[in-house]
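The next block holds one structure in the form of structure tokens; read it before the comments.
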Amino acid sequence: MAESLPGDSAFCSAAIGAGSSRSRSGISRLPFLSLPKLARRAIPTFPQSEKNTRSLLSLMPTEQAIETEGVIVAVLAGTMFRVELGNKHKVLAHISGKMRKRFIRLTLGDKVKLEMSPYDLDKARITYRLR
């Protein structure tokens with residue numbers, strides 16, 4: 001007798017007719033569940049439409065970073081800097097990851113471009129060293 005797959009109707013009828021739900025390998029199987037139905041339940045699907053995409057984009061944050069320029073007035077430990085903005089406000093700034101990766105060196109008096117979160121105006125990220 002050929003071995004049948006769990007989703008096969010021949011397997012289900014043979015298992016029910018024999019009065020046993022054990023296969024040759026001794027592993028218990030449930031003959032009333034077919035494999036395709038289980039697979040459909042396990043994989044969630046989302047309809048691909050413009051309406052669905054637009055609704056997902058509306059959940060994205062709408063707050064943009066505030067870009068400004070400043071001058072480094074103090075070098076602190078851990079690649080942190082005290083930067084004075086054009087309006088004489090001082091913020092604590094750290095170097096962005098791309099600047100760390102490229103080993104961009106910053107010293108006192110360098111003009112830099114900053115990004116600030118609208119939620120915390122006392123901290124910033126240095127994104128570019130100006131000439």
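No lab work stands behind these numbers, since they all come straight from the coordinates. The structure displayed is predicted, hence computed values, not measured ones. Reconstructed Cβ throughout: ideal geometry from the backbone, glycine too, with neighbour counts over all protein chains shown.
What is the calculated FRET efficiency for Val71 to Lys123, with r their C-beta to C-beta distance and R₀ = 30 Å, to the nearest 0.05? Computed FRET efficiency for Val71 and Lys123: 0.95.
Stretched out straight at 0.36 nm per residue, the stretch from Lys98 to Arg82 would grow longer than its current Cα-Cα span by 3.8 nm.
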